[in-house]
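Student: I am attaching a structure below and will ask some questions about it afterwards.
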Amino acid sequence: MRLTDKVFSLICVGFLTLAASGCGLLEIFTVPAPDSLTGEACFLTPSDMEGPYYIANAPFKESLYPEGTPGQRLTISGTVYTAGCAGVLAGAEVDVWQADSTGVYDFSDQFLGRGRVLTDANGRYTFETVLPGLYQPRPRHIHFRVYHPDASVLITQLYFEGSVSGAPDEQTIALEQDGDTLRGTFNIVLGP
Ligand code: FE
């Protein structure tokens, strides 16, 4: 819950004793949008270290590892927004790279754990992978480089709830079990 929401909630509690209908009215303004990224809740996604393991020009592919690769299957999807979440960016290049389930980066010409995807007309992207393993001293993470000609390039990292990273909320997502796959949503807001 963001600070503004807490303030609204406190006001709401105060109103409760006076007028339940007034409280309901206030609550309308505190209901988060489906993507939790509209209005005051829309922050630019923070940048983060690129690290030493990026390789440019990874192939375009939605599955970062071949089927049967050891590890917990993971699907990440999200929407790439313009600053202020006023619009979405179609055709944004989402370039990701990560360690495998044992915490090892691949540097072969197979680009395992590396790939690029483009956002669709609705600014949506998705890719499949495995949950990255730990390598000291890093928490689990996936590196992102997001590019669109109408926005600032963003280099950042994605972290997962339950893996202590010290990273801001905007870079930390929850994962939900869906059959044998974990799913998470990482919405990204690029600067102008
Ligand atoms: Fe890394």
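The values are calculated or read from the model by the stated rules, or taken from the named source; none is laboratory data. Keep in mind the model is a prediction, meaning the values are calculated, not measured. Glycine also receives a Cβ, built like all others from the backbone with ideal geometry; neighbour counts cover every protein chain displayed.
Student: Looking at (1) assigned to a loop (DSSP other than H, G, I, E, B); (2) surrounded by fewer than 17 Cβ atoms within 10 Å (Cβ to Cβ); (3) more than 14 Å from the ligand (Cβ to nearest atom), which is the one condition that is false for T45?
Tutor: Result: T45 passes all but (2).
Student: A further question follows. Looking at the range 152-168, which of its residues are among the aromatic types (F, W, Y) and either touching a Lys or Arg at 6+ places or on another chain (Cβ under 6 Å) or more than 13 Å from the ligand (Cβ to nearest atom) (or both)?
Tutor: Of everything in the range 152-168, just one residue is among the aromatic types (F, W, Y) and either touching a Lys or Arg at 6+ places or on another chain (Cβ under 6 Å) or more than 13 Å from the ligand (Cβ to nearest atom) (or both), namely F160.
Student: Could you list, in sequence order, all residues of the range 71-88 that are away from the ligand (no atom under 16 Å from the Cβ), closer than 13 Å to T129 by Cα and within 15 Å of the chain's Cα centre (by Cα)?
Tutor: Matches in the range 71-88: T75, S77.
Student: Can you find a residue in the range 106-128 that is modelled with pLDDT under 95 and among the hydroxyl-bearing types (S, T, Y)?
Tutor: Within the range 106-128, none of the residues are modelled with pLDDT under 95 and among the hydroxyl-bearing types (S, T, Y).
Student: Just the residues that are at pLDDT below 95, in contact with a Lys or Arg (Cβ under 7 Å, 6 or more places away or on another chain) and away from the ligand (no atom under 11 Å from the Cβ), please, taken from the range 129-140.
Tutor: None - no residue of the range 129-140 is at pLDDT below 95, in contact with a Lys or Arg (Cβ under 7 Å, 6 or more places away or on another chain) and away from the ligand (no atom under 11 Å from the Cβ), so the list stays empty.
Student: Now, a different point. So which residues in the range 89-116 are among the aliphatic types (A, V, I, L, M), buried (at least 17 other Cβ atoms within 10 Å of the Cβ) and either within 16 Å of the ligand (Cβ to nearest atom) or over 14 Å from the mean Cα position of the chain (by Cα) (or both), if there are any at all?
Tutor: Within the range 89-116, L89, A92, V96, A99, L112 meet the criteria.
Student: The conditions are (1) in a loop (DSSP other than H, G, I, E, B); (2) touching a His at 6+ places or on another chain (Cβ under 6 Å), and Q157 fails exactly one of them. Which is it?
Tutor: Condition (1) is where Q157 drops out.
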